[in-house]
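Just below is one structure, and these are the notes that go with it.
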Amino acid sequence: MHYTGTIWRPPYETGSLIVEATAGCTHHKCKFCTLYEDLPFKFKPAPKEHIEADLLEAQTWYHDPLRKAEGRLFEIDKASYDRVFLSGANPFGLKAKHLLEIADLVHEYFPECESIGCFSRVTDVTCKSDAELRELAAAGYDGLTLGIETGDDDALAFMDKGYEAKEIVEQCARLDAAGISYAFFYLAGISGKGRGIEGARRTAVVVNQTNPWLVGVNMLTIYPSSELYEEIVAGSWQEEMEVEKYEEVKELVANLTIETEFAMLGASNPVMLRGRLPERKEQITSALDSIINDIGEERLRSYRSNLRHL
Ligand code: SF4
């Protein structure tokens, strides 16, 4: 497989075939981000011949087990994937025509594939027409993961995310209209010391106007190679305490009024949680209280300080 650098995928895409469609990020400016720093370039689309070769290779792994039992190890006319996840920070930033060509390849090698997902920036949706979004939906694009991070305009601007909160609402409405579902990644801690609760409230206002199937929370983990670290050293930004990050998440959960899945998964979360909202709101907030009161700042901070890699 042609995988370039570290490959990131959402925790709920474990069962998907991961195919590299792009490497790196078209934006590459968010101050806290160190995800693609191991690449010698900012962004590159994968050559189509690499994608095709990877799909062919994957087909050979997932042939019918009965055929395997018969000793026909390289029979490639039967595969079992029903979902493909395109890797890269924002493959949805590719032009619609390019994405449709990739979908054609996916369906050629995996005819039973029901959906194709990937990470997307909010601005990747902005760049596509309504007709293009409908075409992409018809080609199987569904279940995008949008790293919205926050609905707090001050934090979005400071971190150089490249969009405002109202664009999240506008672009998600366009995805809804096109029939493309999406999940959100929220970044606890992004608003900075003393502003976590306000950031959570502002985010809830934004998220309550959208329809994500999941709101996933990641926790800000700052590495010395990030621009944000330099801001801290320069004294222009202060990190939230770990406990404040959990108070912030509690505030977000308390203020969400939509029906959605809530999840804290992945390495940035010392404690993993998952539950349906609104049904499990009380259990989730009580679990967050236990983390704050029973685990406490020192052990939570120790986890974060020892987290070498996300
Ligand atoms: S858009 Fe995502 S991958 Fe790109 S710089 Fe920002 S956080 Fe990092």
Practice problem: State which residue pairs qualify: first residue at positive phi and inside region 245-274, second residue part of a loop (DSSP other than H, G, I, E, B) in any location, beta carbons under 9 Å apart, and separation of 6 or more residues or different chains. | Solution: GLY266/PRO10; GLY266/MET272; GLY266/LEU310
Practice problem: Enumerate the pairs (first residue in region 297-310 and among the charged types (D, E, K, R); second residue anywhere and surrounded by 13 or more Cβ atoms within 10 Å (Cβ to Cβ) and outside any helix (DSSP H, G or I)) with beta-carbon separation below 7 Å, excluding pairs fewer than 6 apart on the same chain, so at least 6 apart or on different chains. | Solution: GLU297/MET241; ARG304/THR221
Quiz prompt | Candidate set from region 10-43 (those that are surrounded by fewer than 17 Cβ atoms within 10 Å (Cβ to Cβ) and closer than 18 Å to GLY117 by Cα); member that is nearest to the ligand (Cβ to nearest atom) | solution = PRO11
Exercise. Would you please name the residue that is modelled with the highest pLDDT, looking only at residues in region 95-113 that are among the charged types (D, E, K, R) and in a loop (DSSP other than H, G, I, E, B)?
Key: LYS95
Self-check item: region 114-127: number of residues that are in a loop (DSSP other than H, G, I, E, B), farther than 13 Å from TYR182 by Cα and in contact (Cβ under 8 Å) with a residue 40 or more places away in the chain
Solution: 0
Quiz item: Out of all the residues in region 229-251, which are over 23 Å from ARG299 (Cα atoms) and either part of a helix (DSSP H, G or I) or not assigned by TED's automatic domain parsing to the domain that holds ILE291 (or both)?
Solution: GLU230, GLU231, VAL233
Quiz prompt | Cβ-Cβ under 7 Å pairs, at least 6 apart or on other chains, region 197-208 side on the phi < 0 side of the Ramachandran plot, far side of a type in the set (Ser, Thr, Tyr) | solution = GLU198/SER191; GLY199/THR150; GLY199/SER191; THR203/THR150; THR203/TYR186; ASN208/THR257
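Within region 252-301, count every residue that is among the polar types (S, T, N, Q) and assigned to a helix (DSSP H, G or I).
Filtering region 252-301 for residues among the polar types (S, T, N, Q) gives 255, 257, 260, 268-269, 283, 285-286, 290, 293.
Restricting the remaining residues to those that are assigned to a helix (DSSP H, G or I) gives 255, 283, 285-286, 290, 293.
Count: 6.
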Practice problem: Could you run through region 133-165 and say how many residues are out of contact with any strand residue (DSSP E or B) (no Cβ under 8 Å at 6 or more places or on another chain) and in contact (Cβ under 8 Å) with a residue 12 or more places away in the chain? | Solution: 14
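If a residue has to be in a strand (DSSP E or B) and either within 13 Å of the ligand (Cβ to nearest atom) or over 28 Å from MET241 (Cβ atoms) (or both) to count, how many in region 138-183 make the cut? It would help to see each step written out before you state the result.
Applying the first criterion (in a strand (DSSP E or B)) to region 138-183 yields 141, 144-149, 182-183.
Going one step further and asking which of them are either within 13 Å of the ligand (Cβ to nearest atom) or over 28 Å from MET241 (Cβ atoms) (or both), we end up with 141, 144-149, 182.
The total comes to 8.
The values are calculated or read from the model by the stated rules, or taken from the named source; none is laboratory data. These numbers were taken from a predicted model, which means no experiment stands behind them. Methodologically, a virtual Cβ is constructed for each residue, glycine included, from the backbone with ideal geometry; neighbour enumeration extends over all protein chains shown.
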